[in-house]
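Okay, so here's the structure we're looking at.
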Amino acid sequence: MIRKIRLLTSSAVFLTLCAGPAFPQTTPAPAPKAAAAKEEALPTADELSAKCAKGSGGKEAWAKIKTMTMTGTIEIPAMNMAGKLDVYAKSPNRLLRIVNIADGQFIQKQAFDGQAGWKSDPQSGLKPLEGTELEETKIEAILDTDARLKEVHPDMKVTGRAKVGDRDAYTALTHQPGGKTVVMYLDAETGLRLGEDSEGLDPSGNVLKTSAVFEDYRTACGIQAAYRVRVTTPQFGFVLNIKEVRCNEPVDDSMFAMPAADPAAPPKS
């Protein structure tokens, strides 16, 4: 899950869906660029998936992780705003994300309890996840995706080469529920995820494009974790900075269950 990097990317998409229309246009950071074709053959999807598993720490290291908690910050430069990010994950497929902007003035939550999902924010209130949004969250909640990338994304296809910063990368194409297209950029040497571009329809039927770059990898819980994620959309950009990662601490299943009352609703006066 750190590759549960995907949790960070998902937090980015979640924030975009809920808060995007309220932010002004910004100029996105440059996306990874396609590199000139080389003579050597591309790896297969199975080979690249195995490289990702090994580079991210190995399947044995991932198997030891039963819970993971991440805390960090979110910075939105265009608005001169900042907030907090908390992510709770429990093997095999439970997830809770909390984004808190401006000291509680804007709080978003999204969760999956292994069977059902829900979300809450000041604009939409408390709602169960349904359809494509639920299916996407099921994938996002898988704790050890980087240990079995091809298994989680069976249609994964290696499509070419690219440069992400000064790193050589392979590009891999996959699709998610609802027809969303995802292009992953994996380090040609280490297999680590360097970036991801996605394009698909949001719950309102609008086309949503998101680009994320994963940086500042460090060892945490025996795996490799990206401690900084830069995200851009056509509406705005922001940066997620992870401050702390903790593993195998008690995380009660009740945290992921849909609450009886709206956790984002303002208190009654």
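The values are calculated or read from the model by the stated rules, or taken from the named source; none is laboratory data. In this text, all values refer to a predicted model and were calculated from it rather than measured experimentally. All Cβ positions, glycine included, derive from the backbone under ideal geometry; neighbour counts span all protein chains shown. The accessibility values were calculated without ligands, DNA or RNA, using every heavy atom of the protein model including side chains. Shrake-Rupley method; radii C 1.70, N 1.55, O 1.52, S 1.80 Å.
Per-structure values
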{"item": "Selection from region 165-184 of residues that are open to solvent by 20 Å² or more (accessible area, probe 1.4 Å) and either under 15 Å from the mean Cα position of the chain (by Cα) or in contact (Cβ under 8 Å) with a residue 12 or more places away in the chain (or both)", "result": "GLY165, ARG167, ASP168, TYR170, LEU173, HIS175, PRO177, GLY178, GLY179, LYS180, THR181, VAL183"}
{"item": "Selection from region 128-158 of residues that are surrounded by 16 or more Cβ atoms within 10 Å (Cβ to Cβ) and assigned to a strand (DSSP E or B)", "result": "VAL158"}
{"item": "Residue check for GLY205: closer than 27 Å to LYS119 by Cα and out of contact with any Gly (no Cβ under 8 Å at 6 or more places or on another chain)", "result": "yes"}
{"item": "Single residue of GLU140, GLU130 found to be of a type outside the set (Val, Ile, Thr) and free of Cβ contacts under 8 Å to residues at least 40 places away in the same chain", "result": "GLU130"}
{"item": "Filter result for the condition that a residue is on the phi > 0 side of the Ramachandran plot, modelled with pLDDT under 95 and in a loop (DSSP other than H, G, I, E, B), over GLY178, GLY104, GLY114", "result": "GLY104"}
{"item": "Candidate set: region 73-107, residues that are within 18 Å of ILE242 (Cβ to Cβ) and of a type in the set (Ser, Thr, Tyr); chosen: the one farthest from the chain's Cα centre (by Cα)", "result": "THR73"}
{"item": "Enumeration of residues in region 38-50 that are out of contact with any strand residue (DSSP E or B) (no Cβ under 7 Å at 6 or more places or on another chain) and not polar (S, T, N, Q)", "result": "GLU39, GLU40, ALA41, ASP46, GLU47, ALA50"}
{"item": "Any chance ILE98 is among the aliphatic types (A, V, I, L, M), assigned to a strand (DSSP E or B) and open to solvent by 30 Å² or more (accessible area, probe 1.4 Å)", "result": "yes"}
{"item": "Verdict on GLU189 being assigned to a strand (DSSP E or B), of a type in the set (D, E, K, R) and touching a residue at least 12 places away in the same chain (Cβ under 8 Å)", "result": "no"}
{"item": "Out of PRO250, PRO234, sole residue that is modelled with pLDDT under 95 and of a type outside the set (Val, Ile, Thr)", "result": "PRO234"}
{"item": "Residues being open to solvent by 40 Å² or more (accessible area, probe 1.4 Å), over 16 Å from the mean Cα position of the chain (by Cα) and in contact (Cβ under 8 Å) with a residue 60 or more places away in the chain - total across region 108-127", "result": "6"}
{"item": "Check on ILE74, open to solvent by 30 Å² or more (accessible area, probe 1.4 Å), of a type outside the set (Phe, Trp, Tyr), out of contact with any helix residue (DSSP H, G or I) (no Cβ under 6 Å at 6 or more places or on another chain) and in a strand (DSSP E or B)", "result": "no"}
{"item": "Entirely in region 197-264, the strands (runs of 3 or more DSSP E) that have 3 or more residues that are under 27 Å from GLY104 (Cα atoms) and more than 20 Å from the chain's Cα centre (by Cα)", "result": "none"}
